[in-house]
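Engineer: To start, I am sharing the structure in question, which I have written as structure tokens.
Every number in this text was worked out from the coordinates using simple rules, so none of it is lab data. From a predicted model like this one, the values you see are computed outputs, not experimental measurements. Neighbour counts are summed over all protein chains in view; Cβ atoms, including those assigned to glycine, are modelled from backbone coordinates with ideal geometry.
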Amino acid sequence: MTERKIIGIGVTVILISCFFLWVSSLFHSYMYSRLGLGRNGILTFLWGLNFIPSFLLYYLCVKNRLIISTGYILLLSGLMAFSHFLSEKIGFIVDFSGGSGLRVVCVIYFIISSILIGIGGFLGFITSSLRKIK
């Protein structure tokens with residue numbers, strides 16, 4: 001695969017997971033329980049998908065993977081902060097509102113994004129190293 005395809009796959013995974021995270025956060029937990037699903041499990045799964053882009057970068061040894069991973073972190077945290085802001089403007093009740101609340105949400109999403117992208121990069125680096133040993 002070319003580097004552009006790998007980066008495109010990563011951006012696509014982040015965009016899709018952000019959209020579904022935003023949509024799934026709009027529904028309350030009782031809607032999920034009526035379907036026999038757990039809201040926390042679905043949200044954890046959707047957040048967990050975001051380690052795939054950095055895993056692919058490090059597993060396939062793409063050039064400038066640290067810079068691209070940093071871009072993934074900024075994209076993911078920015079999109080999630082924007083979706084939180086959008087939810088507030090639509091009229092849904094959110095945890096933090098206003099400018100100072102948006103700053104708090106940005107920091108929280110940045111930390112979560114950094115952890116997820118870091119885990120994906122670490123796992124990709126380890127598995128690519130093990131692949132080279134064989």
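Engineer: Considering only region 13-29, state which residues are surrounded by fewer than 17 Cβ atoms within 10 Å (Cβ to Cβ) and under 12 Å from Asn50 (Cβ atoms).
Structural biologist: Those that are surrounded by fewer than 17 Cβ atoms within 10 Å (Cβ to Cβ) and under 12 Å from Asn50 (Cβ atoms): Leu15, Ile16, Phe20.
Engineer: Which members of region 79-92 meet the condition of being buried (at least 17 other Cβ atoms within 10 Å of the Cβ) and either under 18 Å from Thr12 (Cβ atoms) or among the β-branched types (Val, Ile, Thr) (or both)?
Structural biologist: Leu79, Met80, Ser83, listed by residue number.
Engineer: Continuing with the same structure: Any residue that is among the small types (Gly, Ala, Ser) and either in contact with a strand residue (DSSP E or B) (Cβ under 8 Å, 6 or more places away or on another chain) or loosely packed, with under 14 Cβ neighbours inside 10 Å (or both) - is there at least one of those in region 110-133?
Structural biologist: yes
Engineer: Let me ask something else about it. Can you find a residue in region 65-77 that is free of Cβ contacts under 8 Å to residues at least 24 places away in the same chain and in contact with a helix residue (DSSP H, G or I) (Cβ under 6 Å, 6 or more places away or on another chain)?
Structural biologist: no
Engineer: Do any residues in region 17-31 that are free of Cβ contacts under 8 Å to residues at least 40 places away in the same chain have Cβ atoms under 7 Å from those of residues that are surrounded by 16 or more Cβ atoms within 10 Å (Cβ to Cβ) and among the β-branched types (Val, Ile, Thr), where the two are at least six apart or on different chains, and which pairs are they?
Structural biologist: Ser24/Ile42
Engineer: Would you point out the residue of region 34-78, among those that are closer than 16 Å to Ser17 by Cα and hydroxyl-bearing (Ser, Thr, Tyr), that is surrounded by the fewest Cβ atoms within 10 Å (Cβ to Cβ)?
Structural biologist: Applying the filter and picking the extreme gives Thr44.
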